[in-house]
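Engineer: One structure, pasted below without further comment.
The values are calculated or read from the model by the stated rules, or taken from the named source; none is laboratory data. Here the structure is a predicted model, which is why all the values come from computation and not from measurement. Note that each Cβ is placed from the backbone with ideal geometry, even for glycine, and that neighbours are counted across all protein chains shown.
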Amino acid sequence: MKKIALLPHLFTTANLFAGFFALVSALTGKITQASWAIFAAIVCDILDGRLARLTRSSSRFGMEYDSLCDMVSFGVAPGILAYEFALKPYGRYGWLAAFVYVACTALRLARFNVEEPGPSKYFKGLPSPAAAGLVAGTVIFLDHIGAVFPVKHLALILMIYSVSFLMISPWPYPSFKVLRFSEKQMTYLLPGMVLLFAIMAAEPKVTLFLAFLLYAVMAPLKELVLLVFPRLGILKSQKANLGEKLKNI
């Protein structure tokens, strides 16, 4: 029997704990606490994947366990959070919107397990942690600016349906799993990262919301640009084909 590495699964379990804590917090009216717990789950999810690759301990068990934990942390918890924060006044339409989000998360996770077995430069559809981060970030941002009815309710129900669609869409999103930077690129990247962390430290509630929003709209904006300027897509395809030919020489 193949040995199971302990450290990555400890972080996966921490992800599950944070997701369950977010659920309990949302159901007891502690909305901000629930939102931050979802962000904690995202951090744990990132770390467990990185550790599994570093220790070369990726396994079928780990993938299935990770997906089940993600379903709680990035599916059920954000759905309940959105419902408790702004969707409850809509009655059945409110909980149906939350259910659509949860169902799309389940579909996204199932598709990931079937279609994306190894590290890749792109995800197919918005990843569920990013979707959960956007929902939690929206809740924190709306609460931060003191949004009231009908602004926060309409904004969140629109966000829920948009994010649900993006998760099951075929549009590619960068995975950041395979990153290689030259020394010259790092000289520009490091100051940018320092600036980003400084802004995040000053206004974390606004910065997190904008960061997840920017990531979520990347793919649809790219598709829109290619739709309006189809020649750009042709040129990109030709460039990719040329690169493949050069590799094979």
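Engineer: Out of all the residues in the stretch 8-47, which are closer than 20 Å to Phe212 by Cβ and charged (D, E, K, R)?
Structural biologist: Asp45
Engineer: Mind listing just one residue for me: the one in the stretch 173-183 that is farther than 15 Å from Gly125 by Cα and loosely packed, with under 14 Cβ neighbours inside 10 Å and, of those, modelled with the lowest pLDDT? Reasoning before the result, please.
Structural biologist: Within the stretch 173-183, the first condition is being farther than 15 Å from Gly125 by Cα, and the residues that meet it are 177-183.
Filter once more, keeping what is loosely packed, with under 14 Cβ neighbours inside 10 Å: 178-183.
On the way: Val178: 63, Leu179: 62, Arg180: 64, Phe181: 59, Ser182: 62, Glu183: 63.
Once the filter is applied, the top-ranked residue is Phe181.
Engineer: Looking only at the stretch 204-249, count every residue that is of a type in the set (Gly, Ala, Ser), modelled with pLDDT under 80 and surrounded by 12 or more Cβ atoms within 10 Å (Cβ to Cβ) and tell me the total.
Structural biologist: As a first pass, look at the stretch 204-249 and keep what is of a type in the set (Gly, Ala, Ser): 211, 216, 219, 233, 237, 240, 243.
Filter again for modelled with pLDDT under 80, leaving 233, 237, 240, 243.
Then keep just the ones that are surrounded by 12 or more Cβ atoms within 10 Å (Cβ to Cβ); that gives 233.
Looking only at that region, the number is 1.
Engineer: Could you check the stretch 79-100 and list, in sequence order, the residues that are closer than 16 Å to Leu27 by Cα and aliphatic (A, V, I, L, M)?
Structural biologist: Passing the criteria: Ile80, Leu81, Ala82, Ala86, Leu87, Ala98.
Engineer: Looking at (1) modelled with pLDDT of 70 or more; (2) surrounded by 10 or more Cβ atoms within 10 Å (Cβ to Cβ); (3) hydrophobic (A, V, I, L, M, F, W, C), find the lone condition where Ala201 falls short.
Structural biologist: Failing condition for Ala201: (2).
Engineer: Show the residue pairs that are 6+ apart or on different chains and have beta-carbon atoms under 6 Å apart, the first residue being within the stretch 201-229 and in contact (Cβ under 8 Å) with a residue 40 or more places away in the chain and over 17 Å from Pro170 (Cβ atoms), the second being in a helix (DSSP H, G or I) and among the β-branched types (Val, Ile, Thr).
Structural biologist: The qualifying pairs are Lys205/Ile140.
Engineer: Give me the residue from the stretch 123-165 that is surrounded by fewer than 14 Cβ atoms within 10 Å (Cβ to Cβ) and not in a helix (DSSP H, G or I) and, out of that set, nearest to the chain's Cα centre (by Cα).
Structural biologist: The residue in question is Ile145.
Engineer: Here are some residues: Val43, Val24. Which one is under 17 Å from the mean Cα position of the chain (by Cα) and without any contact (Cβ under 8 Å) to a residue 12 or more places away in the chain?
Structural biologist: Working: Val24 fails: under 17 Å from the mean Cα position of the chain (by Cα).
Only one candidate qualifies: Val43.
Engineer: Determine which member of the set Pro191, Pro170 is exposed (fewer than 11 other Cβ atoms within 10 Å of the Cβ), assigned to a loop (DSSP other than H, G, I, E, B) and modelled with pLDDT of 70 or more. Give the steps one after another, and end with the answer.
Structural biologist: Values: Pro191 fails: assigned to a loop (DSSP other than H, G, I, E, B).
Answer to the selection: Pro170.
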